[in-house]
Amino acid sequence: MAEEEKKRNEAEERTQEEAHEAESNAARRLRLTGGEGEDPIHEGEAAEGSFFSNFWYHHKWKVIIGAAFAFILITGISQYAAHSDPDITMLYAGTKYITATQNQKLTDIFETMTEDRNGDGKTYVQLNDVVFYTEDQLAEYTAWCQENGEDMTVDRLANKQANDRYVQQVWADPLICIFSESQYSEVARSGGFVKLADLFADDPDSLENLGDAAADEYGVRFWETKFCKFYDAAQIFPRDALIAVRTVPTMSALTGRKKAEEAQAANAEMFRRILTFEYPEGYDPEKQEQQAEAVSPDP
């Protein structure tokens, strides 16, 4: 009897232990899955999910901003790579601002007039622009403001910084230059432009046809060219603007003379094409001017 009682007690203890273990497992499943009827997940997976959820909660804006910055950086690098070696480089310097749209419309025309010099399968003309006042222009503007009781609107620090950028570009790279008269004169006095006689050595008739449009031995008044008169998109520069070809700068000669000379040769050819531009057949500039005056509103 004692032995049978002992066996019954052991069986009851095992039954209670199994029930307790089953209850613990069920509680664990509820804790991990969040409810009844769902499949249990591994504790490691739960921990992993909790880590990423927590990270995203605390750092999502850093991730979003970082991704946006990376996109902008990659886009900028790709665009720079695509445009880092233009077929023709031009520089405008003067006191009149030109917009990005005006710049693009004019370079679109220029790109139909040149070849793919660098072999990338397309033509690309880069027109840089630097707006600033020379000392002479600043003195003239200051005197005008004083006479007319107007406030000066020129930021002298920003003007100096723009002047520094201009100096860096004009004395470093072979360029086609379209400059206001004051900016032009500073370079011309130092012999920094190629002479027209040299540019048209093989075509003296075209040089002679420039007539009074030639301002001196280096530059041509841009507004007096047929190109400027025909294309409205070219009429964005100051009225006193002159166009000329920069000689190969000393800095370019030192860093890569062959490449600089090739760039200058391409610029010289583009310069000749601009100055020898002819009106399309049937185009009468005088008639066009009369029509424009006829439709212009009274002042």
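The values are calculated or read from the model by the stated rules, or taken from the named source; none is laboratory data. In this text, all values refer to a predicted model and were calculated from it rather than measured experimentally. Cβ: placed from backbone, ideal geometry, glycine included. Neighbour counts: every protein chain shown.
Residue count for segment 202-246 under the criterion of being of a type outside the set (F, W, Y) and under 22 Å from T107 (Cα atoms): the result is 22. Report yes if K287 is farther than 24 Å from N128 by Cβ, basic (K, R), at pLDDT below 95 and out of contact with any Cys (no Cβ under 8 Å at 6 or more places or on another chain), otherwise no. Judged against the criteria, K287 is a match. Given the structure, is K96 under 19 Å from the mean Cα position of the chain (by Cα), modelled with pLDDT of 90 or more, farther than 27 Å from V248 by Cβ and among the basic types (K, R)? No: the conditions fail for K96. The criterion of at least 1 residues that are within 26 Å of the chain's Cα centre (by Cα), of a type outside the set (G, A, S) and surrounded by 14 or more Cβ atoms within 10 Å (Cβ to Cβ) is met, among helices (runs of 4 or more DSSP H) falling completely within segment 177-262, by 181-189, 226-230. Pairs linking a residue in segment 269-286 that is farther than 21 Å from D203 by Cα to a residue that is hydroxyl-bearing (S, T, Y) and modelled with pLDDT under 95, with Cβ atoms under 7 Å and 6 or more positions apart or on different chains, are P285/Y279. Residues in segment 233-258 that are among the hydrophobic types (A, V, I, L, M, F, W, C), at pLDDT below 90 and closer than 25 Å to E181 by Cβ: 1 in all. Pairs linking a residue in segment 188-211 that is touching a residue at least 24 places away in the same chain (Cβ under 8 Å) to a residue that is of a type outside the set (A, V, I, L, M) and in a strand (DSSP E or B), with Cβ atoms under 8 Å and 6 or more positions apart or on different chains, are G192/R246; F193/C177; F193/R246; V194/R246.
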